[in-house]
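Peer 1: Could you have a look at this structure, given as structure tokens, before my questions?
The values are calculated or read from the model by the stated rules, or taken from the named source; none is laboratory data. Nothing here was measured: the structure is a model prediction, and the numbers come from that model. For accessibility, only protein heavy atoms count, side chains too; no ligands or nucleic acids. Shrake-Rupley method; radii C 1.70, N 1.55, O 1.52, S 1.80 Å.
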Amino acid sequence: MSSIYNSKNALLLLFAIIIISCGTPERNTPNSRAPEKEKQVRISVPQFNSDSAYYYVERQVAFGPRVPNTESHRECAAFLSKTLERFSDTIYIQKTTVTAFDGTRLDIQNIIGSFNPENNNRILLSAHWDTRPFADEDPDPENFYTPIEGANDGASGVAVLLEIARLLSKNPIETGVDIILFDAEDYGVPSWYNDNQEDTWALGSQYWSQNPHVPNYFARFGILLDMVGAPDATFKHEGYSMYFAPNIVRRVWQTAQRAGYGNYFLNQRAGYIMDDHYYINKNRNIPTINIIHQVDSTPHGFFEHWHTVNDVIDNIDKNTLKAVGQTVLYVIFEN
Ligand code: AHN
Ligand code: ZN
């Protein structure tokens, strides 16, 4: 009895010695498995180029305000379609007519670039490309009916997605990715109009979510970018994102913090924003978050130049574009 016990113990001790002696040096050996895997993950995530993203903001604002039914809107649509077509595997231009809060019929286009369209494992990235027809939050009432340039509110999110598209074309991955540039997000009922109406914002995504470019379209999760270019932007846990997709919020914010962008991505709750992600969640059941700049310091809760004539390129900061773009790249490459 005791001799069996002893030999068993000796055997265990021998195993322990083998494991410890093999295990310890392995950790520092270049050929060992664990460190190599970690290194590979890091190397294969491309560097988001914020100069390139900034250039895409410049290109968009150069068309002037991108208000539906205008020449600038049509010209910018052609630029976005051509650019996204160059980078993606399949391009879909979804043209339709929707009705605005005041009865105006708007000719709109959702522009969709797909990577690996045959893969059922998909991620949906989106932003709105139209700009607001009225600066109804401008301090000067003279500007209440002036269309805005929308460097941040519109162009910034699109610019980050175009840069991601460019990087995906140079660094292919297996995961399916759809980049949707929604039209007519920003034609919502203005503050000077005395009529409370529902569902006047996000007309392009309302249409798409009920008429997706591919029948029964589904994605594992979605990320919407809105106002991602102001200096020192703060991205908080937006209400509907937490209601519909809390796990995606946590994953993205954790990724941002690990990447060193914790000064932008704050673990704080913020208000509910009626935006494109609301309809993607509600009508397509795709858990979708909104990375949107929210603050406590303004009456409307957004960046200081929101819906004013000062939403111009001078108020765009490359560092913010980088923080958001690099974070989204980590999420899609490491998923
Ligand atoms: C509301 O103010 C209800 N929604 C704001 C969504 C928005 C406007 N995003 C950009 N511009
Ligand atoms: Zn807006």
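Peer 1: Calculate the tail of P(r) for the chain: the fraction of all Cα-Cα distances greater than 26 Å, expressed in %.
Peer 2: On the way: 27521 of 55945 pairs.
Counting every Cα pair in the chain, those more than 26 Å apart make up 49 percent.
Peer 1: Can you list the aspartates and glutamates whose alpha carbon sits under 13 Å from that of K282, skipping same-chain ones fewer than 8 residues off?
Peer 2: List returned: D199.
Peer 1: R251: accessible area at probe 1.4 Å, nearest 10 Å²?
Peer 2: 90
Peer 1: Using a 1.4 Å probe and ignoring any ligands, DNA or RNA, find the accessible area of W201 and quote it in Å² to the nearest 10.
Peer 2: Accessible area, nearest 10 Å²: 60 Å².
Peer 1: Please list 3J(HN,Hα) in residue order for segment 211-224, calculated via the Karplus relation 6.51 cos²θ - 1.76 cosθ + 1.60 where θ = phi - 60°; whole Hz, with x for glycine and proline.
Peer 2: For segment 211-224, the Karplus-derived couplings read 9, x, 5, 10, x, 6, 3, 9, 9, 5, 7, x, 10, 9 Hz, x marking Gly and Pro.
Peer 1: Shifting gears a bit: Below 13 Å, Cα to Cα, which aspartates and glutamates can K170 reach? Residues fewer than 8 away in the same chain don't count.
Peer 2: Within the straight-line cut-off, K170 pairs with D89.
Peer 1: Using the Karplus equation 6.51 cos²θ - 1.76 cosθ + 1.60 (θ = phi - 60°), what ³J(HN,Hα) coupling, rounded to whole Hz, does each residue of segment 325-334 give in order, writing x for Gly and Pro?
Peer 2: x, 5, 4, 5, 4, 4, 5, 7, 7, 9
Peer 1: Relative to 2.2 N^0.38 Å, what does the C-alpha radius of gyration of segment 75-200 come to as a ratio? Two decimals please.
Peer 2: On the way: Rg = 16.7 Å, N = 126, 2.2 N^0.38 = 13.8 Å.
Its radius of gyration relative to the 2.2 N^0.38 Å reference: 1.21.
Peer 1: Per the 1.4 Å probe, what fraction of the accessible area of the chain, in percent, lies on carbon and sulfur atoms?
Peer 2: Answer for the chain is 50 percent, counting heavy atoms of protein chains only.
Peer 1: While we're here: Probe of 1.4 angstrom, ligands and nucleic acids ignored: what's the accessible area per residue over segment 109-263, in square angstrom? Don't skip to the answer; put the middle values down first.
Peer 2: Values: 5690 Å² over 155 residues.
Here the per-residue accessible area is 37 Å².
Peer 1: On to the next question. What's the center-to-center distance, using Cα atoms, between segment 302-317 and segment 54-99 in Å?
Peer 2: Computed from Cα coordinates, the inter-centre distance equals 20 Å.
Peer 1: Let me ask something else. Please list the non-local residues whose amide H lies under 5 Å from the amide H of I289, H modeled 1.01 Å from N, same-chain partners needing a gap of 5 or more.
Peer 2: G222, I223, L224
Peer 1: May I ask you to evaluate 6.51 cos²θ - 1.76 cosθ + 1.60, the Karplus curve with θ = phi - 60°, for each residue of segment 144-155 and list the ³J(HN,Hα) values in order in whole Hz, giving x for glycine and proline?
Peer 2: 4, 10, 8, x, 9, 6, x, 5, 8, 7, x, 5
Peer 1: How far is helix 33-43 tilted off the main Cα axis of the chain, in degrees rounded to 10, range 0 to 90?
Peer 2: Rounded to the nearest ten degrees, it is 20.
Peer 1: Can you list the aspartates and glutamates whose alpha carbon sits under 20 Å from that of K318, skipping same-chain ones fewer than 8 residues off?
Peer 2: D51, E58, E149, D153, E163, D226, D232, E304
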